[in-house]
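Readers should treat all values here as calculations from the given coordinates under stated rules, not as data from a laboratory. Just so you know, these numbers come straight off a predicted model, no measurement behind them. Counting neighbours? That spans all protein chains shown, and the Cβs are built from the backbone with ideal geometry, glycine included.
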Amino acid sequence: MQWDWQFTVEILPRMLWATVNTLMAAGIGYAIAAVLGLIFAMAQRTRFRSLTVTVREVVEFLRSTPLVLQIFFVYYVGPEYGVSLSPWVAGMIAIGLHYAAYLSEVYRGGIESVSKGQWEACTAINLSPAQAYRRIILPQALPPSVAGMGNYLISIFKDTPMLSVIGVAELMQAANAIGGQNYRYLEPYTIVGLVFLIISLFSAALIRSFENWIRRKLGMY
Amino acid sequence: MTYISFLSEYGGRFLDGALVTAEQFVCSLALAVFLAHLAGLLLLSRTMVLKAIAVVYVEFFRGTSLLVQLFWLFYVLPLFGVTLDPFLTGFLAVGLNTGAYGAQLVHGAIKSVPRGQWEAAYALSMSSSKRMLRIIIPQAFVIMLPAWGNLVIELLKSTALVALIAVPDLMFEAKQMNSSTYLSTWTFGTALIIYYVFARFLITPTMRSLERIMARRMGRA
């Protein structure tokens, strides 16, 4: 089997377009996860014991079952109850929920790392809990969370190929389609691997410098 | 059809699938632990070539997505005349991938064994291999066990992907049953629960008790 450069050049535009979709899927999934994760984290910090326990169990469940199975579940179960989700919507819900569970743990760690004195100071100057979180606690919880958040951004990106199982037109799906049409799998799959390698190495470096930047910005070394 | 009669009809297939998942899990775990230690030690090596090999291995398998690696091994390798059966391909891919993540845990743990331990072993004029085996690795093992707990669950989840190259594991069986019965909630739901039970009530307690046993043997509990 020889590497065919002409074929590579031929399929490259299509692969690059699919890469845009992959990045979009990762971005949307991450946005959902970031918001939902905060809700999961905050729900575990209320006074209601039963809510804490329930959310805790949901998070554990989401974290310890395979994402690919969750994707299938969301995609196929909807129609049974009369809700048909498009592959994109189902995929984004599944990946968003899965990573929300991971991010909630990151946030929780971040919030818990804020020293107790900060809370006492908030009480002393009469801030409401909402104000305390928004102005004092969460901004300080952010820097220790950035590394974890960044790692999961890369993880979510590397998990997007799983969306191809329900037919989301991302990079892996494009490679499968090209491979099937031309009976050539070497080039498409190798290109997918290279694209992933380049983007994840690049973004890992980017996240490291962002982490340093945010620490400096908030005056925390 | 009630859920009970569904289970009595298809329960056997869930069990068959779960058994294959368990086999995949054990095989890939053994491979991952071996590779993680090998690469983790090579990362510490002062011989540039050995270190470079380990760095390339770790960055490559962490940087490209598991699904891509799996498909590459399954579809591309035969083009070069190497045909592996799906079961072997499955646990090779999962083991190689998780091993790369594990290598970083091993590397980090060995480096966090206190400096004095190295010096003491040196003072007793132990050979470097004896020092590694009897002094450093046992202590590193205790340090890295909690992190391995998470990684082992990730590994279990990763094994679900081998269904996509037609290894008849739990995920695969669930997919097959879904396409013949269209009972998506029950098929995928049951599979999700089996994975959850596997992770939460088998892996997590095992790792916890391993942590306790090791801590006691190190005289730290």
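Could you sort the peptides B:193-200, B:75-82 by per-residue average Cβ neighbour count (10 Å cutoff), highest mean leading? Don't skip to the end; give the middle numbers.
Numbers: B:193-200: 18.2, B:75-82: 13.4.
Ranked from most to least packed, the peptides come out as B:193-200, B:75-82.
For the range B:120-189, the orientation-averaged shadow of the C-alpha convex hull comes to 7.1 nm² (one quarter of the hull surface).
Length gained on full extension, A:R135 to A:L218: 28.6 nm, using 0.36 nm per residue less the C-alpha separation. The mean count of C-beta atoms from other chains within 10 Å of the C-beta of residues in B:184-191, rounded to a whole number, is 5.
Taking the average, over residues, of other Cβ atoms within 10 Å as the packing measure, peptides B:27-36, A:120-129 rank B:27-36, A:120-129 from highest down. Across the range A:5-217, Cα pairs under 8 Å and at least six residues apart give a relative contact order of 29 percent. Both the radius of gyration and Dmax for the range A:100-200 are 21.6, 70 Å, in that order, over alpha-carbon atoms. What the Cα convex hull of the range A:155-221 gives, in volume per residue, is 83 Å³.
Straight-line reach from B:K157: taking Cα to Cα under 29 Å and skipping same-chain neighbours fewer than 8 places apart, the lysines in range are A:K158, B:K111, B:K175.
Neighbouring Cβ atoms from other chains, within 10 Å of the Cβ of residues in A:193-200, number 5 on average. Applying 1/(1 + (r/R0)^6) with r as the Cβ-Cβ distance of B:F80 and B:S127 and R0 = 35 angstrom yields a FRET efficiency of 0.25.
Rounded to the nearest whole Hz, the Karplus-based 3J(HN,Hα) values (6.51 cos²θ - 1.76 cosθ + 1.60, θ = phi - 60°) of the range B:22-35 follow the sequence 4, 4, 4, 4, 5, 4, 6, 5, 4, 5, 5, 5, 4, 5, with x at glycine and proline.
Suppose R0 equals 60 Å. What FRET efficiency, 1/(1 + (r/R0)^6) with r the Cβ-Cβ distance, do A:F202 and A:T46 give to the nearest 0.05? Between A:F202 and A:T46 the formula returns 0.90. For the range B:85-221, the spread of Cα positions along the three principal axes, ordered from largest to smallest, is 69, 34, 17 Å.
From the P(r) of the protein assembly as shown, can you give the percent of Cα pairs sitting at distances over 43 Å? Intermediate values should be presented prior to the final figure.
Details: 16967 of 97461 pairs.
The proportion of pairs with Cα distances above 43 Å equals 17 percent.
Couplings 3J(HN,Hα) of the range B:16-21, computed from phi: 4, x, 4, 5, 5, 4 Hz, in residue order, whole Hz [Karplus 6.51 cos²θ - 1.76 cosθ + 1.60, θ = phi - 60°; x for Gly and Pro].
Computed from the C-beta positions of B:I193 and B:A166, the FRET efficiency with R₀ = 22 Å rounds to 0.40.
Counting Cβ atoms of other protein chains within 10 Å of each residue's Cβ and taking the mean over peptide A:172-183 gives 1. Taking the average, over residues, of other Cβ atoms within 10 Å as the packing measure, peptides B:141-148, A:172-179, A:52-59, B:37-44 rank A:172-179, B:37-44, B:141-148, A:52-59 from highest down.
Span-like helix check, chain A: qualifying full DSSP H segments, with Cα axial length of 15 Å or more and mean Kyte-Doolittle of 1.0 or more, are A:5-43, A:67-80.
Size descriptors for chain A: radius of gyration and Dmax over Cα atoms are 21.0, 73 Å. Structural size metrics of the range A:78-144, computed from C-alpha coordinates, are Rg and Dmax of 18.3, 54 Å.
Comparing the range A:1-43 with the 2.2 N^0.38 Å rule of thumb, its C-alpha radius of gyration ratio is 1.97 (two decimals).
From the helices alone, meaning DSSP H stretches of at least four residues, give me the mean residue ellipticity at 222 nm for chain A, per-run term -39500 (n - 2.57), in deg cm²/dmol to the nearest 500. Provide the component values of the computation, followed by the final result.
Working: 8 runs with 170 residues, N = 221.
Estimated from H runs of four or more residues: -26500 deg cm²/dmol.
Backbone geometry of the range B:87-101 corresponds, through the Karplus equation with coefficients 6.51, -1.76 and 1.60 at θ = phi - 60°, to 3J(HN,Hα) couplings of 4, 5, 4, x, 6, 4, 4, 5, x, 4, 5, 5, x, 5, 5 Hz, x marking Gly and Pro. Counting only helical runs of four or more DSSP H residues, what would the 222 nm mean residue ellipticity of chain B come to if each run contributes -39,500 (n - 2.57) and the total is spread over all its residues? Per the formula, -25000 deg cm²/dmol.
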